[in-house]
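Note sheet for the following structure.
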Amino acid sequence: MSRALLKFTRVSPTKARLIAREVQGMNAELALASLEFMPNKAARIISRVIASAVANGDFEPEEVIIKSCRVDKAAVMKRWRPRARGTATRILKPTSHILVEVVKAEEA
C-alpha cells in the first residue's frame, strides 16, 4: 500500500468530494484516464495525487486500485469586498487536504 497527501490545495472540499467518490475503488489506470476528460478543477488535482501515490509505491497504474480517496476540509482564507454605503462583505476561499491510498490488485 502506498499513499499520497496534498495539503492546503485551493479547491472546495464539497466539489472535490464529488470527484473523489467517482474514482474510489477503481483501477488507477482507468481512473487517470477518466479524470483526464472531466472539466472540473478538482479532477486535475486528484489525478496528480493519484499519480503521485502510484509513483510512491513504485507501482504501475494498471496493477493497483484506489483503496481510498479522501477529501478533508482545511483552513478557510477570509477576504473582504467593499460594498455600498461603506460596508464590507466576507469572501470565503476554502482549501482542502486530499489523501489517496492505493493497493495492489491482488491484496484488495
- Message: Could you give each residue of the stretch 67-72 its phi-based ³J(HN,Hα) in whole Hz, using Karplus coefficients 6.51, -1.76, 1.60 with θ = phi - 60°, and x for Gly or Pro?
- Response: 6, 8, 9, 10, 10, 10
- Message: Please list, by residue number, everything in the stretch 1-38 whose backbone N is under 11 Å from a paramagnetic label point 7 Å out along Cα→Cβ of Thr95.
- Response: 7-11
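In the stretch 1-99, which chymotrypsin sites (Phe, Trp or Tyr not before Pro) fall in coil by DSSP and have 11 or fewer other Cβ atoms within 10 Å? Intermediate results must be reported in sequence, preceding the final value.
Numbers: sites: Phe8, Phe37, Phe59, Trp80; in loops: Phe37, Phe59.
Counting only loop positions with at most 11 other Cβ atoms within 10 Å, the chymotrypsin sites (Phe, Trp or Tyr not before Pro) in the stretch 1-99 are Phe37.
Filter the GluC sites (Glu not before Pro) in the stretch 12-108 to those in DSSP coil with at most 16 other Cβ atoms within 10 Å of their Cβ, and list the result. Walk me through the numbers on the way to the answer.
Working: sites: Glu22, Glu29, Glu36, Glu62, Glu63, Glu101, Glu106, Glu107; in loops: Glu106, Glu107.
Answer in residue order: Glu106, Glu107.
Just so you know, all these numbers are worked out from the coordinates, no wet-lab data involved. Please read these numbers as outputs of a predicted model, since none were measured by experiment. Every residue, glycine among them, receives a Cβ derived from its backbone with ideal geometry; neighbour counts consider all protein chains shown.
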